[in-house]
Amino acid sequence: MSRFSFMLLCALGLGVAGCDTGAAPPAQGTGAAQPAAGLVRTHAGDPLPGVVLTDPAGRQLDLSHLEGRPVLVNLWATWCAPCVEEMPQLDRLAAHFADRLAVVAASQDVRGADVVGPFFARTGLRHLDPWLDPSNRLTESLGAEALPLTVLYDAEGREVWRLTGPFDWSSADAFAMVEEGLDTAPPGR
């Protein structure tokens with residue numbers, strides 16, 4: 001099977017697996033953090049993958065070099081309606097935690113900069129960078145079965161939790177879940 005055929009099958013599989021189903025996201029509480037539907041810890045302790053992302057200008061980001069700071073990685077695509085809905089919320093989350101957390105939104109669009117650049121220009125996202133992963137290496141490394149997928153890593157580069165499916169990243173629950181990863185950071189970081 002050619003690499004293109006494999007990527008096409010992966011993209012189709014991700015679409016069928018849950019993205020853009022039209023289903024309403026699960027209701028979110030506003031009190032103490034409640035376990036979110038789709039939140040799992042089965043990969044806790046797994047290392048941050050050493051995948052290199054690029055942006056439309058050609059800059060590179062090696063995820064393995066982000067150790068020393070907690071990282072929230074979000075896999076998304078412009079064709080994924082729940083992903084698109086989350087992006088402004090993730091942008092605000094990135095602004096709120098700017099000094100304590102790196103938020104990496106990694107587009108899984110096979111058309112890369114052709115669709116992601118215009119999306120960022122149109123939506124006015126200011127606190128996220130348009131990172132591209134058109135070969136879906138991160139999807140493969142994380143074993144993603146659906147988009148959106150969000151994974152929190154602590155400052156040591158170890159996975160804390162992952163959440164598959166849409167989520168209200170502007171909710172009190174979201175902030176509490178992110179704080180959990182910040183609380184696991186070693187003293188002095």
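The values are calculated or read from the model by the stated rules, or taken from the named source; none is laboratory data. On a predicted model such as this, the values are computed, not experimentally measured, just so you know. Ideal geometry is used to build each Cβ from the backbone, glycine not excepted, and the neighbour counts take in all protein chains shown.
Miscellaneous remarks
- Answer from L147, L128, L142, L152 - the residue that is free of Cβ contacts under 8 Å to residues at least 60 places away in the same chain, crowded, with 17+ Cβ neighbours inside 10 Å and closer than 20 Å to L53 by Cα: L128
- Selection count, the stretch 145-156, where residues are part of a loop (DSSP other than H, G, I, E, B) and in contact with a helix residue (DSSP H, G or I) (Cβ under 7 Å, 6 or more places away or on another chain): 5
- Test for Q89: is it surrounded by fewer than 17 Cβ atoms within 10 Å (Cβ to Cβ), within 13 Å of the chain's Cα centre (by Cα) and at pLDDT 95 or above: yes
- Set G68, G45: member being touching a Lys or Arg at 6+ places or on another chain (Cβ under 8 Å), modelled with pLDDT of 75 or more and surrounded by fewer than 13 Cβ atoms within 10 Å (Cβ to Cβ): G45
- Some residue of the stretch 158-170 being in contact (Cβ under 8 Å) with a residue 24 or more places away in the chain, assigned to a helix (DSSP H, G or I), in contact with a Ser or Thr (Cβ under 6 Å, 6 or more places away or on another chain) and of a type outside the set (S, T, Y): no
- Extreme residue, farthest from E159 (Cα to Cα), among residues of the stretch 34-90 that are among the acidic types (D, E) and assigned to a loop (DSSP other than H, G, I, E, B): D55
- Close pairs (6 angstrom Cβ cut-off, 6 or more residues apart or separate chains): more than 18 Å from A95 (Cβ to Cβ) in the stretch 63-85, of a type in the set (D, E, K, R) and modelled with pLDDT under 95 anywhere: C80/D20; A81/D20
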